[in-house]
Amino acid sequence: MEYNLSYHVTCNLKQDSGRELILNQLEQSQSYAGMMEGVPNKKANDWGIDVDLCRAVRREYTLGEPYLIPPRRRDYLREPGDMDEIRKQKSHYPKEWVMDPEWLPLICCIGCFKSVSPVRNTEMHGSCLTVVWYQDDYAMPIDPEVIRSLKQLDWDRLATDFEY
């Protein structure tokens, strides 16, 4: 992300294609803020991702469908092996009752990006896309893997044109 003199904040992202994007809005929340007890698993994470995508649809700058950068899923919270004790505790339960722990990065980010160039209708003023991703800590900075994904997004296929 680079500094934008017009907005006096760091909000510019230049894609590999050369397209300049501006981050208009960034919402961040803890991935497991509502989890009262237990350990997340694939089913819980799939549900949580769906909830986050629904939240993204309701953002002020969202037009069209939000895009999900697929999160890294792992079988540990902070470091490999830190869930081994949980697995041992559940080893005496019937197999159909037990779901293996699965963790997403701990922060959900919903970013609304815009470009001053439309993608389909040249009579429009620009294009926009809301992107959902997960990273290990609050931004800024945005996780370098996420930046790489944002730079490679197929903006012309995913974005929606708008007019002011």
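The values are calculated or read from the model by the stated rules, or taken from the named source; none is laboratory data. All of these numbers come straight from a predicted model, not from anything done at the bench. Cβ atoms come from the backbone with ideal geometry, glycine included; neighbour counts cover every protein chain shown.
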Looking at the stretch 1-19, which of its residues are of a type outside the set (Gly, Ala, Ser) and either closer than 12 Å to Met140 by Cα or surrounded by fewer than 14 Cβ atoms within 10 Å (Cβ to Cβ) (or both)? Met1, Glu2, Tyr3, Leu5, Tyr7, His8, Val9, Thr10, Cys11, Lys14, Asp16
I need the full set of residues from the stretch 20-43 which are surrounded by 13 or more Cβ atoms within 10 Å (Cβ to Cβ) and either within 26 Å of Leu63 (Cα to Cα) or in contact with a helix residue (DSSP H, G or I) (Cβ under 7 Å, 6 or more places away or on another chain) (or both), in order please. Glu20, Leu21, Ile22, Leu23, Asn24, Gln25, Leu26, Glu27, Gln28, Ser29, Ser31, Val39
Residue count for the stretch 1-53, restricted to those that are in a loop (DSSP other than H, G, I, E, B) and of a type in the set (Ser, Thr, Tyr): 5
In the list Gly34, Gly38, Gly18, Gly64, which residue meets the criterion of being free of Cβ contacts under 8 Å to residues at least 24 places away in the same chain, under 27 Å from Tyr164 (Cβ atoms) and of a type outside the set (S, T, N, Q)? Gly18
Selection within the stretch 101-150 - of a type in the set (Lys, Arg) and free of Cβ contacts under 8 Å to residues at least 60 places away in the same chain: Arg120, Arg148
Take the stretch 105-138 and flag every residue that is within 28 Å of Pro40 (Cβ to Cβ) and in a loop (DSSP other than H, G, I, E, B). Pro105, Leu106, Asp136, Asp137, Tyr138
For Asp16, indicate whether it is under 13 Å from the mean Cα position of the chain (by Cα) and at pLDDT 95 or above. no
Which of the residues spanning the stretch 139-164 are loosely packed, with under 14 Cβ neighbours inside 10 Å, in a loop (DSSP other than H, G, I, E, B) and at pLDDT 95 or above? Asp154
